1. Which Rg and Dmax, in Å, describe the Cα atoms of the stretch 518-624?
2. Calculated FRET efficiency, Asp243 and Asp517, Cβ-Cβ r, R0 25 Å, to nearest 0.05?
3. Go through the stretch 516-527 residue by residue and turn each phi into a ³J(HN,Hα) via Karplus (6.51, -1.76, 1.60, θ = phi - 60°); whole Hz please, and just put x for glycine and proline.
4. Given the DSSP H assignment, sum -39500 (n - 2.57) over each helix run of at least 4 residues in the chain and divide by its residue total; what's the result at 222 nm in deg cm²/dmol, nearest 500?
5. What residues have an amide H closer than 5 Å to that of Ile249, excluding those fewer than 5 places away on the same chain, when H is modeled at 1.01 Å from N in the peptide plane?
6. For the stretch 443-527, run through the GluC sites (Glu not before Pro) and keep only the ones in DSSP coil with at most 14 other Cβ atoms within 10 Å of their Cβ.
7. Lys/Arg Cβ at +1, Asp/Glu Cβ at -1, dipole of the chain taken about the Cα centre: which of Ile571, Val399, Ile425 is farthest positive-ward?
8. Quote the relative contact order of the chain in percent (integer), defining contacts as alpha-carbon pairs under 8 Å separated by 6+ residues.
Amino acid sequence: MTSSPSTSSYGTIGQPVGRAEGPAKVTGQAIFPADVNLPGTLVGKCLRSPFPYAKIVSIDSDSVAAARKVPGVHAVLTADNIPPHLVGRMLRDMPILARDVVRFAGQKVVAVAAEDDDIAEEALSLIEIEYEELTPILDPADSMKPEAPVLHPNFADYVGIPDGSQIHPNTAGHATWSNGDIEQGFAEADLVFEHTFRTNHQHQAYIEPHASVVFLDNSGRVQTWVNSKMPFQVRQQLSEGIDLPTDQIRVNPTTIGGDFGGKGGFMDSHLGFWLSKTTGRPVRMVMTYIEELMAGNPRHPAVMTFKTGLKKDGSITARQAHLIYDSGGYAAFKPARGVTYGSRCLGPYKILHGHIDSDVVYTNQVPCGSMRAPGDPQSIFAGEVQMDLIARELGMDPVEFRKINLVQDGDASPLGHYWKNIMGIRTLDAAVEKAEYDQAKPQTAGKLIGRGMALCERHVGAGSSTVKITIDADGTVTLYTALPDTGSGFYTVLRQILGQELGVAYDQIKLENWSTDDVAFETGVGGSRVTHVAGQAVFQAAQELRRQLVTMSADMFGWPEDETGFAQGQIIAPGKMSMNLGDLVSRSGSQMEANHTYDSERDEEITVFCVQIAEVEVDVETGQVQLTKFTSAHDVGTILNPLGHQGQIDGTIMQGIGYALTEDLQYDEGHVTTLSMGEYKIPTMPDMPELRTVHVASESGGPSPYGGKAIGEQGISSVAPAIVNAILDATGVGITEIPVSSEKLFRAMAEQSDF
């Protein structure tokens, strides 16, 4: 359902307003999990595996006893001290502490609770563990080979495994998507192209590392503060891992210092519980950034093979993709059973015959989880780079090649979806114009100039959200929600919607966070859902309040209800006095309240297009890539907050630049070697090019209030391929693996006969 803004004289919808929650953050009033300091709180620390794959032969009991005797140590736990439960968001395959075997370098083996960090570290340094090293699997492509060691021999016994048999003993999930007859499609092709692409790990690089405080209180209830954007799922995951019903667990609200997909799970919560139960004290566990980089849950690396058949005129007859995503040592951080990725990798093209096979496989690297648009940046990188490689072989301009094949109204997508109001061509044309794509390239001595483009589409998210709105006698409006604040600005947007409908300044609306005790369920943050789902819950609750106000005022003053209205934050009837919210509620003698739960499933008819165009300079002598201009075109509905909307676009571009050029979680024989943010290179402001943004408004908007569409995720997927395609245009070098370092590009350029 979409609606037009109210006629109130007060309104912020469409205005670039600042963050309503900003003052609390910059003044230190916002509470993060690491700020929670209950009386007697202890510090929890872990001893982690130094090997990517090894048997635990023994943990020396004398060394454990010595650790327990360190002054200030209250508990030392090994797997023998806690139940042998496996935990996970959906697929439960990870032990709380390693038992018998470790499957990645950085896995937790021993835990300590102590008075402070130094004492905990001293105790851990005393513990001696004997390992028997095993040969690890370090490449996802190797994981599916017949001779590969089986990393999870008891997979069939795990809770939450996908339906059906495993494709290979090391697959944690498998999916296929298809349309038409792929063999027929290739038989109809005049030309067939096949390429294999690789992407690396990308860490979410949020400022705040994973943190939690857990306390088994005097009533036997588990109180936890955890920086997870999905508190109800965390409550369920804890319940399953510690053998307590969910009504004995309360997840308390806290602010989250950045998420980008990486904070949807439990991380150290189970271990914090066992340390708290053992000591009778609250336990705080905060990961260092060394631990984040070696044992967080970054974006999956992938190995992807694309095979595409075409007619000589450039029309695509068939496209086939085999995607192998590296799950790492465990699949516990996946957001769904048998989760697989890559369903959009064939692109928004008219392909009558398409087929995708996607596998998520175990290796002995860091376990991976969700990151902004999970699965799409990898597979769309492969698909869009292949489009330019093919165009170059055909001698066609990449824009024209895409236009020949882009779906338009009435066309089916490669997987048979019929989207309504398809904006692909319009968004592409707008990007080309804004980027000055067809103009002559500047000439600079010693530099090669190139322009490249990529496009993608993505859905608008769905889910369930419940809100409550109250109006006190003094006119104070309060919004209640169980959504955690991840820093993306939706607390401001929700207040904008409410302020628009009630005629109240958005930054004067109070916001109260519910715990998991206060409401039945909340899907949580992620999947481009919040402005749609929570926004509609707020909008509908506000409409109910308006109806209540009209009815109450008509009854109170004897006004005809059908002539009584609500405008400018006041109740108005023709020829009668007007009354503001506070006075009216004060006269009624009671607080006013409205609740609404909004549930939705994803609308497969709605999709949102994004086109990116990059311009680069490549230094001939060094291979260094300088991104000089970047144009981002988006298919949009009503933009609720232009400032926040642009912030989402800029953020996806910055993360996409890092993905393409600098971010590389490097390994040495299974050990992460980039263990600081000084070594793991995320882009900073000097790395940002001139940015140009163009909004392409559609005739029909999206499902969010006032016709808004999603913006948080679709922008990231086409950034890296646009940059790589610009490098191809500049140098003639086809890049099939990211990130593109200057050394890697220089070597590739040197191998070309032109250099």
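1. 24.3, 84
2. For Asp243 and Asp517, the calculated efficiency is 0.80.
3. So the J values, rounded to whole Hz, are 6, 7, 9, 8, 5, 6, 8, 4, x, 8, x, x.
4. It comes out at -7500 deg cm²/dmol, rounded to the nearest 500.
5. Those qualifying (amide H under 5 Å, at least 5 residues apart or on another chain) are Val222.
6. none
7. My answer, from the dipole projection, is Ile571.
8. 17 percent
Quick note: the coordinates plus some simple rules give every number you see, no bench work behind them. What you see is a predicted model, and the numbers here were worked out from it, not measured in a lab. When we count neighbours, we look across all protein chains shown, and the Cβ atoms used for this are built from the backbone with ideal geometry, even at glycine.
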